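The values are calculated or read from the model by the stated rules, or taken from the named source; none is laboratory data. Everything numeric here is computed off the predicted structure, so don't read it as measured data. Note that we place each Cβ from the backbone using ideal geometry, even for glycine, and neighbour counts take in every protein chain shown.
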């Protein structure tokens, strides 16, 4: 005569419960075991940190020694002297001639500002003036139809000039000084040149506005 049904299922249920208990104990032990890469108080693994090199400890600027060598500080100083001298001499000559004004007229200041803006952008960003920058920069392609992608080339003075020619604000300082000196020495033609540059800049803004209106 066979055993009752509940007596046959009892051994299997006991074995299953024993196996489940062993598995739970193993999981609890795994969770309790410390992780070798864990940060105290955090479940995230600790980030690996590379050992600091000697250059990183000795370069407060954060630049590598190679980048430090690529900074043409002597060329920067030379360009600063050229800029100061080139702008100062016309001022001294105008003062000696008695033609140095006490103040610049608002109309002249407006022409100088807009003319400086337009001419500096032409020299640093336009593809058509690439021949001016070519000896000092590397051509890497075109960002747009009229704007090239370039970077400074070489070392020393050549690299410094390349950096200057790719900086609209830097070239703007030289352009403003040149146009101001020209205004002191030859005011009438300088005003005409600045007026033409101002008209050119105005045309650019109108073309951009027209393009946005037609695309809207």
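The rows are residues; the columns are (1) closer than 27 Å to residue 191 by Cα; (2) surrounded by 15 or more Cβ atoms within 10 Å (Cβ to Cβ); (3) more than 30 Å from the chain's Cα centre (by Cα); (4) at pLDDT 95 or above.
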position	(1), (2), (3), (4)
73	no, no, no, no
84	yes, no, no, yes
107	yes, no, yes, yes
110	yes, no, no, yes
120	yes, yes, no, yes
133	yes, yes, no, yes
146	no, no, no, no
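Let's see how each residue does on (1) under 25 Å from residue 136 (Cβ atoms); (2) without any contact (Cβ under 8 Å) to a residue 60 or more places away in the chain:
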site: 157; (1), (2): yes, no
site: 166; (1), (2): yes, yes
site: 169; (1), (2): yes, yes
site: 179; (1), (2): yes, no
site: 188; (1), (2): no, yes
site: 192; (1), (2): no, yes
site: 195; (1), (2): no, no
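Are any residues in the range 161-191 in contact with a strand residue (DSSP E or B) (Cβ under 8 Å, 6 or more places away or on another chain) and either farther than 23 Å from residue 133 by Cα or not in a helix (DSSP H, G or I) (or both), and if so, which ones?
166
May I ask you to list the residues in the range 129-160 that are part of a helix (DSSP H, G or I) and at negative phi?
Just the residues of the range 129-160 that are part of a helix (DSSP H, G or I), to begin with: 130-136, 156-160.
Answer for the range 129-160, where residues must be part of a helix (DSSP H, G or I) and at negative phi: 130, 131, 132, 133, 134, 135, 136, 157, 158, 159, 160.
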